[in-house]
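See structure below.
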Amino acid sequence: MGSRIGRVLAALVSAVCLLVTGVGWTLVSGLSSDLSSAGGLNVGDGGLDGAVDILLVGTDNRTDAQGNPLSQEELATLRTGEEDGENTDTILLIRIPEDGSSATAISIPRDVYVETSTVGGSKINGVYAANKEAYLERVMASDPEGAVTEEDQRAAVNAGRNGLIGAVADLTGVQADHYAEIGLLGFVLLTDAVGGVPVCLNEPVDEPLSGADFDAGVQTVSGSDALSFVRQRHDLPAGDLDRIVRQQVFMSQLVKKILSAGTLADPTKLGALVDAAKRSFVIDENWDFVDFAMKLKDISGGSVRFETIPVTSIDSFTEWGESIVTADPVQVSEFVAGFASTEEDEDVADGGASEPAPGEPGVDPATIAVSVVNTTAIDGLAARVSGALTELGYATGDLLTDPAAAYTSHVAARSADDAAAFAVSDALGGLPVQVDPAVPPGTVRVVLADDYSGPTGEAATTESYSPATTTYAPLPPSIAQRPTFDAGGSDVPCVN
């Protein structure tokens, strides 16, 4: 399992860089006819919001886009075996507003549990394979003595693709306008084409399942090492969510590298990027790739943004004991809808992480229960911060410990006009306020991360450990505060 998780970033990096930057579009003009395409996909023609939405899927198969098996040398480079896979372990919904001014790549964790109309309940990374298998079972049931033909296999693959397109639409409220699918090989080809990508780790890692063996700090990775960097899932504080963060920061740095003068002015590098796409991409047959690239040719790196859907739990279980991630489709749909806005929109949504306008003064602290969540390794921090608020007259709410659940300290408010949340923020040194509909009425939630430097007081009570469960709902969207990356600037963000 661990040997294949995350390798499919190959596809995603390639697609994000070529699809949403339009780099080298003069070279791309000859690319559209050379890309493998698929017909019969249930893709839309643009929603009412005018955005263009691309479902970008990475599969862990061992073939190229034309269906040719990878060579032994290529398999060795990928650090993988010959056994084919059909899970879609990395799924991105890319939203591009009507004016083409930006692109937001929204990650969907592989273990998010979804209910589908075709194969029932499933982790989203298994929907593709389950629909494909179900189609082949129907074919064999209709003719038990007959052989499965190549046409049957192609139809089964499309059933898998359409099943996933539908599952993503049900989860996000967005019907994809275009579909792109990429296998494993493109990642190594693309990363090597640009001479490697700079990354930064907070701590050294040595994790044999993925092959990740890196020092702390800034370093340049390429080829197999880059693959290990983005596929590591074990020994990370937040598991798959930390893996997604690695993917996003890697993609942001790769987009930055591709948009640099050293790549754009180098026909050899641009040609290598296009060759990687030819061997890796499958797109829907109605996609005018050249026209699309032309529209986006002026987009800047700072306008290419990476986000993750809000989830409600990272450690839930199905009734048969399978570990899953849970998400609320209503919350996810509201989050995703915010990225269809154009530059001319005054109220650009940012997925519920924006700072609301302060509420009216005159808050009575005694009427507000403040729960405090300690996501740091500092024992008793929630109790001491709660003590400081108690001294100011606030009622004491739940005091919880949920290690590594947040990257930044903040105050979570149930609504954008919650005056109590802003009063608590001021009392704690001006923490940012974020909207989180999961906060119970009449309460405010304070989330403490490693960056907290505000006041503390005498601990009035003790904290209780709370694993990430749906009863506490610790992860929508504020407590699961994943960092947001774009492809602008010169810094290399350090990650777990």
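Throughout, read-outs are computed from the coordinates displayed, never taken from laboratory work. What you see is a predicted model, and the numbers here were worked out from it, not measured in a lab. When we count neighbours, we look across all protein chains shown, and the Cβ atoms used for this are built from the backbone with ideal geometry, even at glycine.
Measure out, as a whole number of angstrom, how far apart the alpha-carbon centroids of segment 53-73 and segment 198-275 sit. Rounded to whole Å, the Cα centres lie 19 Å apart. Rounded to whole Hz and in sequence order, give me ³J(HN,Hα) for segment 135-142 from the Karplus expression 6.51 cos²θ - 1.76 cosθ + 1.60, θ = phi - 60°, writing x for Gly and Pro. Once rounded to whole Hz, the list reads 5, 5, 4, 5, 4, 5, 5, 6. For segment 189-202, the Karplus equation 6.51 cos²θ - 1.76 cosθ + 1.60, evaluated at θ = phi - 60°, returns couplings of 4, 5, 4, 5, 4, 9, x, x, 10, x, 9, 9, 10, 5 Hz by residue, with Gly and Pro reported as x. Each residue of segment 148-155 was assigned a 3J(HN,Hα) from its phi angle through the Karplus expression (A = 6.51, B = -1.76, C = 1.60, θ = phi - 60°), giving 6, 8, 4, 5, 4, 4, 5, 5 Hz with x at Gly and Pro.
Order of 421-430, 376-385, 99-108 by packing, highest average Cβ count within 10 Å first?
By packing density, highest mean first, the sequence is 99-108, 421-430, 376-385.
For I324, nonlocal amide neighbours, meaning residues 5 or more places apart or on other chains whose placed amide H falls under 5 Å from its own, are S316, F317, T318. When the Cα atoms of segment 365-465 are aligned to their principal axes, the ranges along those axes come out at 32, 27, 22 Å in descending order.
Amide hydrogen proximity for T401: with H placed 1.01 Å from N in the peptide plane, the residues at 5 or more positions away or on another chain lying under 5 Å are N374, S464, Y465, S466.
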